[in-house]
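Rule-based calculations on the coordinates, nothing more; no lab input. Since we're looking at a predicted model, the values are computed, not measured. Every residue, glycine as well, gets a Cβ built from its backbone with ideal geometry; the counts of neighbours run over all protein chains shown.
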C-alpha cells in the first residue's frame with residue numbers, strides 16, 4: 001500500500017499539525033517540493049518556532065511560525 005503525501009500549505013498550518021509529522025512520513029508543499037521525511041529539527045527562538053523537515057533526495061522544507 002502506497003502512502004499519500006501530506007500537503008503543507010504554510011498559510012493554513014498550526015503547530016499541532018506540524019508536531020504530528022513524523023520521520024518516514026511523505027510531505028509536499030505548495031511550491032512542489034516533496035519527499036520522505038528523514039530528519040526533523042524544531043527550534044524555538046524568541047517566540048517563533050522553526051521547523052526543518054529534511055527530505056530524502058529533495059532538500060529541506062522550512063516552516064517558521
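A few remarks follow.
- Among (1) without any contact (Cβ under 8 Å) to a residue 12 or more places away in the chain; (2) under 10 Å from the mean Cα position of the chain (by Cα) - the single one residue 44 does not satisfy: (2)
- Considering the stretch 41-51, the residues that are closer than 18 Å to residue 14 by Cβ and out of contact with any helix residue (DSSP H, G or I) (no Cβ under 9 Å at 6 or more places or on another chain) include one that is surrounded by the fewest Cβ atoms within 10 Å (Cβ to Cβ), namely 47.
- Pairs with Cβ under 6 Å, 6+ apart, first in the stretch 52-65 and assigned to a strand (DSSP E or B), second loosely packed, with under 12 Cβ neighbours inside 10 Å: 52/41; 54/39; 64/48
- Of everything in the stretch 1-31 that is assigned to a helix (DSSP H, G or I) and within 18 Å of residue 43 (Cβ to Cβ), the residue that is nearest to the chain's Cα centre (by Cα) is 18.
- On inspection, residue 54 passes the criterion of being farther than 12 Å from residue 5 by Cα, surrounded by 13 or more Cβ atoms within 10 Å (Cβ to Cβ) and touching a strand residue (DSSP E or B) at 6+ places or on another chain (Cβ under 8 Å).
- Single residue of 35, 24 found to be surrounded by 15 or more Cβ atoms within 10 Å (Cβ to Cβ) and on the phi > 0 side of the Ramachandran plot: 35
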